[in-house]
Every structure is written in structure tokens, then in C-alpha cells.
1. Quick one: label points 7 angstrom along Cα→Cβ at B:Trp116, distances to the other copies in nm, smallest first?
2. Give the separation of the Cα centroids, segment B:95-120 to segment A:27-85, in Å.
3. Roughly how many percent of the accessible protein surface of chain A is carbon and sulfur, given a 1.4 Å probe and a whole-percent answer?
4. State, in square angstrom and to the nearest 100, the accessible area buried between chains A and B, both chains counted, probe radius 1.4 Å.
5. So which lysines pass the test for B:Lys213, namely a Cα distance under 20 Å, with those fewer than 8 places away in the same chain ruled out?
6. Could you pull out every Cys in chain B that lacks a partner Cys with its beta carbon under 4.7 Å away?
7. Where both residues lie in chain B, what percent of DSSP beta bridges are antiparallel, nearest 5?
8. Using the C-alpha gyration tensor of segment A:147-295, what are the square roots of 5 times its eigenvalues, in whole angstrom, with the largest one first?
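The values are calculated or read from the model by the stated rules, or taken from the named source; none is laboratory data. Just so we're clear, the structure is a prediction, and the values are computed from it rather than from any experiment. Note that each Cβ is placed from the backbone with ideal geometry, even for glycine, and that neighbours are counted across all protein chains shown. Ligands, DNA and RNA are excluded from the accessible area calculation, which covers all protein heavy atoms including side chains. Shrake-Rupley method; radii C 1.70, N 1.55, O 1.52, S 1.80 Å.
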Number of protein chains: 2
Amino acid sequence: MHSDLVASVRRFNRTVTQRVGALDDEYMARGRPLAQARLLWEIGPDGAEVAAVRARLGLDSGYLSRLLRNLENDGLVTVGPDDQLGGDGRVRVAALTESGRAEWTELDKRSDELAWSILEPLTAQRRQRLTSAMAEVERLLVASMVVIEPCSPNDPRARACLRAYARDVARRFDDGFDPALSTPVRDEQLIPPAGVFLLATLNSEPVGCGAVKLHPGTPAEIKRVWVADTVRGLGVGRRMLGELEEYAAERGWTAIRLDTNRNLTEAIAMYRSAGYREIERYNTEHYAHHWFEKRLRPPRTSGSRGHSDN
Amino acid sequence: MHSDLVASVRRFNRTVTQRVGALDDEYMARGRPLAQARLLWEIGPDGAEVAAVRARLGLDSGYLSRLLRNLENDGLVTVGPDDQLGGDGRVRVAALTESGRAEWTELDKRSDELAWSILEPLTAQRRQRLTSAMAEVERLLVASMVVIEPCSPNDPRARACLRAYARDVARRFDDGFDPALSTPVRDEQLIPPAGVFLLATLNSEPVGCGAVKLHPGTPAEIKRVWVADTVRGLGVGRRMLGELEEYAAERGWTAIRLDTNRNLTEAIAMYRSAGYREIERYNTEHYAHHWFEKRLRPPRTSGSRGHSDN
DNA sequence: TGCATAACCTGACTTTAGTCAGGCATCATG
DNA sequence: CATGATGCCTGACTAAAGTCAGGTTATGCA
């Protein structure tokens, strides 16, 4: 039963939102409306594009505009066009003025103070224990914030992942990575019903991807599994694998396979521990040294939405 | 330097207020104003006195009244006089109606769902790790939320602690505890400048106490150190001791002592580990078996009691 | 070139949240 | 039984937060 796990999460939520949530706002505000303070903080000493800030804070466009005007009137920020050469003339960039920067520094200081006010009443030993437990909670919360969902391989975020993937493997393969030598995967093969491309995001930032090709009559094939190193070790790869398998299984496939390079040792370990078994070469991929396969169990419940192929 | 400790707390604050704080509010609200939802939740299925709720949520009296009226108009709660026999005619009790109870159950369910939505993406092993880390964080945050401050020994909260103290020792001493046999401590002896009474509170609930008598010409004397078992093991006793010592030291005392019963073994261990050394009997307290003393270091100059490292 | 669209702004609004001063019963106390 | 305190309520207010429906300008694309 998960009820005791759920209960501890709830107790945690309660204590923490009380202590951290409430104080955090209070420390942040400094007489100024909270929304303004947050905005100021989010712009940061290096400035930021208005659209980016809006996305991060999830604000209404009109509301944000008004908040910026207020900060501008207070002489804390300036909003101007994107100075970059060839920049988009529509996007505007918010930057802190001298006194805005001072204010930001103050907020930064207060944030330190808040943190310290939590640690201060504790002994050195307990401080240590608290911070390690916090780090653990934070890591695992981040892990649970990663969302995996289907996405077009044309999507700019998908493109970014695929570029990062190519860069990564180029670095790890013995002889670099030349796409021309590798068996190409066309986008159409990763678009339903031929296959699917899954994107992993953390706060809508892309942090991983994976795809599966569903070619009738042959096992499903996994391609392009990549995880950003910012979230490595949090089980994202494993989840991605699971979702891809589930996708294939739901559509009637009973086996799934993949090829991989001998240098990707963690990936290989992950495949093995996820139930993949090494098989004979089944393709002519130039960069592959190992081939793996896993039998898929038919999905549990009703929803038999597929294809009885294979 | 504690900068890395502070940095982890800050990272934690950020992640947690984002993930837990924001979602918690959203889950709670359900279309209704958040304040009303919170109030409804706080009243709970068993009802609650208006004053108690106000204290817990820290709301303005007028504001709370209005919120209650709104909930009443929505048919979710009823506010009536205290039904209890001989109850105070001024205090009013809020109780949930049938549909208020349904709403509360719904909130309870959503709270479970929120918790589960955090656990769900994780593997069983990570769920386990997350919940234990959360429990650790929560315990230590609670520890850091305990506030210790001077208080009159007449204060009802102080009285409650002293009663609890008497109850505790009566249970632990070999032959019970008869105040008449014990050397009495008069309240005046615990009021500055003759001494001080310190109260430990958690969310303004009393959870511990301690006192020191400052009799000129003799060492300071610690009395009545007690900690509620809800917060035992969190270092509250140790902090209390430290504050009492600091109080005496700041006023020029260079030694502090206390007596204790042989059955209070954890207390004795704490005194030893806090630097107290056993000495000869110095009083005729009926229930005492051990006497301890500690030399006090003169306080650091100036009022800089900020970030005392270590 | 024209047209849909994106990024941002403005004005006009509503709802929430919260404060403050005073009022009216009830209670505790001398 | 007068007096002040306590617990709750009402009215009158303010500020903050957020929404919505247009507008303006710049871009991307056929």
C-alpha cells in the first residue's frame, strides 16, 4: 500500500509550504508587490527576454507588461529592443538598471538570510543532515518533475535534443560520429502511426528524448535515446525506455530491439537491467557493436487500440 | 564557511516552492478563493473554535469573519455558539455541513492525489528514498521552527509546561513526585533580574521550558528544563540549556549548576555532553541524586549574536 | 506584395486579500 | 455592579493580482 508513502509526502508538503513557502514570499517582497519582486528577481543581473520571463513565471502578457512598466517607473529596469545583431525586432529585452541591480543583490542577500535562518537554530551536525536530506529531496523532486510526452521530431525542442544527441555520441564514439555513415532515420518514421518521438521536459525545457519505429512485421525499434547530463542519474532514461516499450506494446508489438555502441557503457548497463538481452546483429548500422532485444508483454487493460500486427 | 550549506537550502527552497507550493495551492483551491478553501480545510470534519482557526491561519479577525460568512452562504459551514455545557458564550464554533464535509473529503482526496503525483513518476526504490529524505527534512525543519524566548512563569503557556513537567517527573521518579517534598521555586525567582523563564514554542504552541535562577554570590542555577515528547530528539533541550547559560553569562555569572534525579538518564547524558561535570551535593533537594556544574565563558563583546559559526 | 502570425502594449475591468475602526455582546474581577 | 478585557461581527476602505479584448509593430511565408 502507498498510503504511508503518501502520508509522508503530505506531512512534508504541509510543514514545508508553511515554513519555506510563506517565508520565501515575505523575504522576497520587501514592501514591493510580490509579483514585481519576483519579476525583478527573474530578470536577473544579466537581463532577459520578456517572452522568456513570461514563460518562466507563467504570467499573462498584459499583466507582465504592466509589471514591467511599474518597475520601469521605479527606475529599476529598462525594457528595450533586442540589441543583438539580426535579432528579432519584436522581442524586447528587460535589463536591470544600476539601482535595479542593487535591489537584486539585496534580494539575493535576503535569500541567503532566509536559508541561514533555517539552519541557524541547528547544531552543525543537524545542519549537515538537513542539507543532505534537502539535496536528496530536491534531486528526486526534479526527477518527478520531468514530463515525458509525444512530440513532433520537427519541433525545435526535439531538434535541439537531436543535435545534443549527435554532439554527445560524436564525443563518445571511438571515431566520432558522421551522420552520413549511420543509417538515417527519416522524420516520417517517427511520426504516428509509423513510430513516435517522445520528448522529456523539465519546466518545459527539453532534457531528453527517445523514439521508436514501428515497422509492421518486424520488432519495434528504439532510436535516439538521449538524456541531458543535468538530469542524468535520475531515472529519466529508464522511464523513457519504459514509455517507448509501452507505446509499442499498446499497439500490438510483442518485441522491441535496439543497437548501440560499445562505448555507451551506462546505456548498455541500463538496457541489460531493464530486461534487454543481447542478440545477433540485425542491421548494418556502422556505429553499432551490440544489439539487444526484449519481449514485450501485452498491455494490461482494455484499450486495445491497435493493429494486431507482427 | 557555510555558503555551500546555504546554497543547498536555497536550491531546495526554489525547487520545493515551485513544485510543492504552487501545486498545493492549485489543488486546494478548486475554483474557490484559496483563503476560503484553506479555512474550510482548517475547520475540518470535527469543527473548530473560530479563535483556534484564526490563530492557526494567522488571519485578521474581521477578515476571518467575512470568510466564514461566505462559506456559510455557500452552505458549507455553520457557525454557532459553543454547545458545550458551561462553555464560554463568546466563543463560536464553526462546523461543516453535509456538503461542507463532502467538500473537505474532496480536498483530502486531492491532497492524496497531489502527493501521489509526486511519487508516481519514480521507481519504488526512489519513492522510498524520497519519502525518507522528506521525513528527515521535515523533522529538522520542525526543529528549526522551535522558538525559544523569555516568558513570564505566570503565563498560561508556561503553566501548561510546568504542569506537564510535574506530570512527567511524577511518572519517572522512583517514588513519584510530591511538590511539598521538593524545594519550591517561587515565580519571582524566575522573573528578571532574579532569574528568567524561557519558553520553547512551535507555531506558538508551548513545547518546552527551562529556567535559571541568578542569586548573587552563588552560581546560576538551572531549573525546570522540560521538553514535550512531540519534539524530543530534535535538540530543543540542548538549545534551551545553551540559552539559559548564555543568559547567565551575559549577566556576569561564571558558573552554572543544577541538580537532577538518577532516573532522568537522557537528561544526565545531555548535561555531560554539554560540558557539565558532576560535583558534590550543594542543596538538600529531596528528589536529587546528582549535581552538576559548568564554568561559563564570558560572552563575546558587542551585541553581535548573528551567525555564530560552528 | 499581401496576409496570417507573433511579441508586446494599453485600457477597462473583476476578484482576492487584507486592513482598520468601531460596535455589541459576554466574561472575569475587584 | 461597574470596568475593562475578550471574542466576534460589520462597514468602509485599499492594494494587489489577474483577465480580456482590442491595438501596434515586426516577421515569416506564399
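1. So the distances to the same position in the other copies read 4.4 nm.
2. The two parts, judged by their Cα centres, are 36 Å apart.
3. Working: 7900 of 16000 Å².
Solvent-exposed carbon and sulfur of chain A make up 49 percent of the total.
4. Working: alone 18710 and 19000 Å², together 32300 Å².
For A against B, buried area totals roughly 5400 Å².
5. Within the straight-line cut-off, B:Lys213 pairs with B:Lys223, B:Lys294.
6. If one checks each Cβ against the other cysteines of chain B, B:Cys151 turn up with nothing under 4.7 Å.
7. Details: 33 of 35 bridges.
Antiparallel: roughly 95 percent of the beta bridges in chain B.
8. Values: eigenvalues 78, 72, 50 Å².
Listed largest to smallest, the semi-axes of segment A:147-295 are 20, 19, 16 Å.
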